[in-house]
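Presented below is the structure to which this report refers.
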Amino acid sequence: MRVITRNSPATYFQDRNGETGFEYELVKRFADDLGVKLEIETADNLDDLFGQLGKTNGPVLAAAGLVSSEQRQQQVRFSHPYLEVTPQIIYRNGQSRPTNAADLVGKKIMVLKGSTHAEQLAALKKQNPAIEYEESDAVEVVDLLRMVDEGQIDLTLVDSNEVAMNQVYFPNVRVAFDLGNASNQSWAVAAGEDNSLLNEINSYLDKVEKNGTLQRLKDRYYGHVDVLGYVGAYTFAQHLQQRLPKYEKHFRAYAKEEKVDWRLLAAIGYQESLWQPAVTSKTGVRGLMMLTQNTAQAMGVSNRLDPKQSIMGGAKYLARIKSELDDSIAEPDRTWFALAAYNVGGGHLEDARTLAKREGLNPNKWLDVKKMLPRLSQKQWYSKTRYGYARGGEPVHFVANIRRYYDILTWVTQPQLEGNQVVEGNLHVPGVDKTKPPEDNPKL
Ligand code: BLG
């Protein structure tokens, strides 16, 4: 089955583990359900995308964050909706905040050529001819947000899901106001009489809506602001730019040495200390990776406040506790168990697994064991365990937060620089090569 999409974090992109993105994950499950092979094609811009879809026969669908509009319905057929989005005017923090359409006058505005946002601005301009805007087919949504973030343009108009996802890259980007009503994203197939593909798509989308798969995907891609809060999301974006570059080379180097993913290590460091080397917890645990005195000693760390040593110790400890986990625990759960053990210790984690078994749950599934961990702080439960009391709620939050940071880090870091090179300061926004100045950047 051929799928036409766009190369952007909300749709489809490559990361170290291969192909990913919200649309990709949704459409891959669909292909797996049908038992067919997926062939992904990317279109450079929206006009191309609709052109490609129109030209083809055979099973082809477009999964590219498309909103059905009257104009588009003349060209293609849309599926049931899977995501509700609202178009939002975006401005730069520190500038005066536009609050209505009249405030768009005199501003430098850019949107994607051929987008529903361009259609919306065209309609506004009819009522208010003083509004000026530019349509570009050389950019993606992330580029537009970056240009606002860096002050190259004043405003853009993008969908709320893109804002939610990209907030963590762009600390200066803010929502000015919603322009118009919510609309729905759908997949599209070529115009025609044959409804067989469209029917399959619709029953698949109905199914993932009912069984919760769709909601889980939405949470993972668009839920950061809900989980981190707006302040947390800006703060993370700021720390990504200001703090991570100082430690990135250590994360990469020791992750490589211990054969763990450096982004996971960096995510632990963020959860532990917000990437600050001199922190001490109430319990006397210290440093960027928050090592206890015992752990530090066992890992050969003489100064826990030295960020390089701390990261070395954290990497070693993570690799060690992971290798000590029961062989029956498979990935990806194995990684979540290792994180929990990093925080609460292997003994208490074992206790929670035992409790899970007693309850008829699966001791090898993180989803089951995380339900048991909080019981380790209740006497009726911990009194019957081997290692006794533990603050079992803490590793549950710990793992959830780290997974969130890890997801974000896998999007913002450049996959092609993985491996043998250790490169400093190469935060990457998909679609834009941040290592090049704007004038050398073919996308801008
Ligand atoms: C962890 C240790 C584990 C240890 C557990 O504590 O520290 N991990 C590291 O040092 C990396 O080795 O397991 S044990 O050896 O089996 O006992 C349990 O003691 C650290 C945790 C503790 C936690 N942070 C890394 O996640 C912490 O500081 N909690 C207190 C927070 S506060 O002071 O109440 O805010």
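Here are a few things to note about the model shown:
- Centre-to-centre separation between the Cα atoms of segment 239-270 and those of segment 365-389: 31 Å.
- Using every pair of separate Cα atoms, the Kirkwood estimate puts the hydrodynamic radius of segment 1-125 at 16.6 angstrom.
- Rounded to the nearest whole Hz, the Karplus-based 3J(HN,Hα) values (6.51 cos²θ - 1.76 cosθ + 1.60, θ = phi - 60°) of segment 197-211 follow the sequence 5, 4, 5, 4, 4, 5, 6, 5, 5, 4, 5, 5, 5, 6, 8, with x at glycine and proline.
- Relative exposure of Met1, Met312, judged by other C-beta atoms within 10 Å (fewest first): Met1, Met312
- For segment 323-369, the Rg and Dmax computed from alpha carbons only, in angstrom: 9.5, 26
- Contact order for segment 133-279, expressed relative to its length and based on alpha carbon pairs under 8 Å spaced 6+ residues apart, stands at 24 percent.
- Angle of helix 46-55 to the longest C-alpha principal axis of the chain, folded into 0 to 90 degrees and rounded to 10: 70°.
- Cα convex hull of segment 270-418, projected area averaged across orientations, nm²: 9.5
- Ordering Tyr12, Tyr317 by the number of other Cβ atoms within 10 Å of each residue's own Cβ, fewest first, gives Tyr317, Tyr12.
- Rounded to the nearest 500, the 222 nm mean residue ellipticity of the chain from helices alone is -14000 deg cm²/dmol, with -39,500 (n - 2.57) taken per DSSP H run of at least 4 residues.
- Between helix 346-358 and the chain: long-axis angle, C-alpha atoms, 0 to 90°, nearest 10: 70
- Principal-axis tilt of helix 213-222 within the chain, Cα atoms, nearest 10 degrees: 90
- If you model segment 77-166 as an ellipsoid using its alpha carbon gyration tensor, with each semi-axis the square root of five times an eigenvalue, the axes come out at 21, 17, 13 Å, biggest first.
- Computed on segment 10-152, with alpha-carbon pairs under 8 angstrom and 6+ residues apart, the relative contact order is 20 percent.
- Of Lys37/Lys113; Lys357/Lys379; Lys249/Lys308; Lys357/Lys384; Lys256/Lys308, those spanning more than 21 Å from alpha-carbon to alpha-carbon: Lys37/Lys113
- Counted over the chain, the DSSP beta bridges are approximately 65% antiparallel.
- Annotation: amide H-H contacts under 5 Å for Asn7 (H modelled 1.01 Å from N, sequence separation of 5 or more, or interchain): Ala43.
- Size-normalised alpha-carbon gyration radius of segment 242-357, reference 2.2 N^0.38 Å: 1.04
- Filter on Lys316/Lys365; Lys246/Lys316; Lys28/Lys246; Lys322/Lys371 - keep pairs with C-alpha separation over 26 Å: Lys28/Lys246
- Value of Rg/Rh across the chain [Cα atoms, Kirkwood radius]: 1.01
- Remark on segment 180-293: ratio of C-alpha radius of gyration to 2.2 N^0.38 Å is 1.64.
- Here the relative contact order of the chain, from alpha carbon pairs under 8 Å that lie six or more residues apart, stands at 15 percent.
- Burial ordering of Met165, Met299, Met289, fewest other beta-carbon atoms within 10 Å first: Met299, Met165, Met289
A short reminder: the numbers here are calculations on the coordinates, not readings from a lab. Only a predicted model underlies this, so the values are computations on that prediction, with no experimental measurement involved. With ideal geometry, Cβ positions are generated from the backbone for all residues, glycine too; neighbour counts draw on all protein chains shown.
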